[in-house]
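Where a number appears in this text, it was derived from the coordinates with a stated rule and is not lab data. Just so we're clear, the structure is a prediction, and the values are computed from it rather than from any experiment. Reconstructed Cβ throughout: ideal geometry from the backbone, glycine too, with neighbour counts over all protein chains shown.
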Amino acid sequence: KSIAGESGFKFYAEEMNQAVREQMQIESSILRGLRAGEFFACYQPLFSQDGKKLVGMEALARWQHPTLGLVGPDKFIPVAEANGAIVQLGDRMLELALQNCKQWREQGYPHLTVAVNVSTRQLKDRQFAERVARQLQMVGLPPDALCCELTESLLMEHSNENTEQIFRLKELGVKLAIDDFGTGYSSLTYLKHLPVDRIKIDRSFVNELDSNPDDRAIVVAIIAMARSLHLKVTAEGVETPSQHQLLQELGCDTMQGYYFGKPMQREAFELFLLNGAQL
Ligand code: C2E
Ligand code: CA
Ligand code: CA
Ligand code: CA
């Protein structure tokens, strides 16, 4: 072996070690972090079709870790899903999202809705829908103030346990969305079997909407299908005015993306509201 190859490998191994260490550190401290209140929600605005009216926000988890700093969900959600901590984390996110939504409704934005991401692991809990109902009641929000976003990849484990809780949520009056639509294996099967209200077109289809005719054709087809199934459509990852314009023309009813606002910490979102988010 050449020296360069060996040192290359050594460098790689050190990087690996570093990544593995960080991963282990994350795994071992999620529950501690939850107890210490280190997890919080950022909120990304959701806008109406014309881009003028704020209709709600999606709660996105963040972790202010004592030594690693601010950790994003891509680092800890898969770990939390694997070790089960996602159940507590999900409860915490729901609690925060509902409290803040209620508070903002009372502060003059009475129609705001909030979306949370729900992992299949949470749906395996036979009390999940009941807990959601209780939380809504405690906070004093109607069920349709909440949208639960379900990811296709997770719904893939097509178990009755999961779908039972999904139907219970629906009965409660909670809104249901399929997240990252189009990236999973059997998106259409879910649409057929689950009582969803909304699909969120994955941002990978929105990215090159202007320049890529295939993406455009896919988005057109998704929206047409949604319309005939009486489903609402949110586009994620809208970053430019021209993407917005196209999506508006195509009939997508809710917009989300950096063009309208990045995920913001609570205080920043409040400023965003005050600075003329129109309702
Ligand atoms: P997601 O549910 O698809 O959330 C949207 C992600 O896209 C967010 O990343 C958001 O910051 C990002 N995004 C939004 N608009 C744009 C845009 O215009 N351009 C680009 N490039 N990105 C945009 P984030 O916050 O890093 O979240 C990543 C994923 O982590 C989420 O994807 C979701 O699957 C998961 N996640 C976040 N919070 C939670 C949670 O509380 N529970 C669960 N189970 N999963 C969560
Ligand atoms: Ca989502
Ligand atoms: Ca998504
Ligand atoms: Ca995603």
* **Principal axis dimensions, largest first and in whole angstrom, of the chain by Cα** => 61, 48, 45
* **Residue exposure sequence - 198, 92 - by fewest surrounding Cβ within 10 Å** => 92, 198
* **P(r), alpha carbons of the stretch 170-274 - 10 Å bins starting at zero, rounded %** => 14, 44, 30, 12, 0
* Among 59, 82, 226, residue whose mean-square fluctuation peaks in a GNM of the chain (springs only between Cα atoms under 10 Å) -> 82
* Listed peptides 212-224, 109-121 by packing density, highest first (mean Cβ within 10 Å) -> 109-121, 212-224
